[in-house]
Amino acid sequence: YADVPASEVNRAEGKVATANQAIFAGQNAQSLVDGSRSAVVHGVETPQPGYAYTINLGSSVRLSRIVLWPRQDACCPDRLTNFRVSVLSDNAGQPGDVVWKADRYTDGSFPLTEPGSRDTLLADLDPTGSFRGQWIRIESLEDPVSPYALQLAEVQAFGEAEGGVNVLLTQSPQPASTGVGRTVTFTAAATAVNGDPTLLGYQ
C-alpha cells in the first residue's frame with residue numbers, strides 16, 4: 001500500500017452535493033460525489049436560468065485541480081455546455097464569496113461523453129483568482145437553459161485540506177407524522193472532515 005499525497009486526495013467524494021432546481025426523476029445530486037461515474041445527473045426538460053449544483057467540501061481546500069466527468073456512455077454530449085465553475089469561500093456554513101471562476105464551452109461546444117472523457121480545470125484558468133475554498137458551484141450560463149442541462153456523472157476536487165476538524169451533516173432528518181403516544185423514527189448521518197467519523201456520537 002502506498003500513501004497518497006494530500007494534493008492527490010479527492011476532497012469532493014462523499015461530501016454534500018445539492019441542486020438549486022429540480023433534477024430528472026430518479027436521479028440524485030449526491031451521485032455527483034459518490035465516487036462512481038456510472039450514474040448521471042441532469043436537470044428536467046425545462047430548467048430555469050441559474051440552474052446549478054453546489055458541493056460543500058466540508059473545509060477549505062487548497063485545490064490542485066477540479067475534474068468534471070460528463071456522461072460516459074456516448075449519449076447526449078450537448079447537455080453540458082456554456083456553464084461556469086466557481087470556487088467559493090465559506091460564510092458560517094453557507095457559500096461565501098466567489099474567489100475563483102472559469103467559464104466553460106461558452107461557444108456552444110461541449111466535452112465528449114465517451115468513456116474516459118473529462119474536463120480538468122487548473123488554477124491558471126483564473127489567474128487573478130484564489131484556487132482555494134470550501135464550496136464548488138457549477139452553474140448554467142444559458143438563458144433559456146437547454147433541456148436536461150448540466151449533465152454530469154462525477155465531480156472531483158483534488159487538493160490539500162486546510163483547517164481543523166469539521167462535522168458535516170450528510171443526511172438531515174426528514175419530517176414524519178405519527179399518532180399521539182406512538183413512536184416515530186428519524187434518521188441522520190454525519191462525517192468528520194479531516195477527522196475520524198467513528199468518534200462521532202449524536203442522539
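The values are calculated or read from the model by the stated rules, or taken from the named source; none is laboratory data. Predicted, not measured: the structure shown is a model, and the values here were computed from it. Positions of Cβ are generated from backbone atoms using ideal geometry, with glycine treated the same way; all protein chains shown enter the neighbour counts. The area values use the complete protein model at the heavy-atom level, side chains included, leaving out ligands, DNA and RNA. Shrake-Rupley method; radii C 1.70, N 1.55, O 1.52, S 1.80 Å.
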Check your understanding: Can you list the residues, at least 5 places off or on another chain, whose amide H is less than 5 Å from the amide H of Thr46, using H built in the peptide plane?
Key -> Tyr148
Check your understanding: Taking amide H positions as placed 1.01 Å from N in the peptide plane, with prolines and chain starts having none, which residues 5 or more places from Leu141, or on another chain, fall under 5 Å of its amide H?
Key -> Phe83, Arg84
Check your understanding: How big is Rg to Rh over segment 1-57, alpha-carbon atoms, Rh as the Kirkwood inverse-mean-distance radius?
Key -> 1.09
Practice item. Report, in debye and to the nearest 20, how large the dipole of the chain comes out about its Cα centre when Lys and Arg carry +1 and Asp and Glu carry -1 on their Cβ. Key: 440
Review point. Which percent of the accessible heavy-atom area of segment 1-119 goes to carbon and sulfur, probe 1.4 angstrom?
Key: 47
Exercise for review: In nm, give the distance between the simple-model label positions of Asp196 and Thr18, each being 7 Å from the Cα along the Cα-to-Cβ direction.
Suggested key: 3.1
Practice item. Normalising by the residue count of segment 1-61, find the relative contact order in percent from Cα pairs under 8 Å and 6+ residues apart. Key: 41
Point to revise | Quarter of Cα convex hull surface for segment 1-148, i.e. mean projection, nm² | key: 9.5
Check your understanding: If one computes the Cα centroid of segment 107-162 and of segment 36-57, what distance in Å separates the two points?
Key -> 11
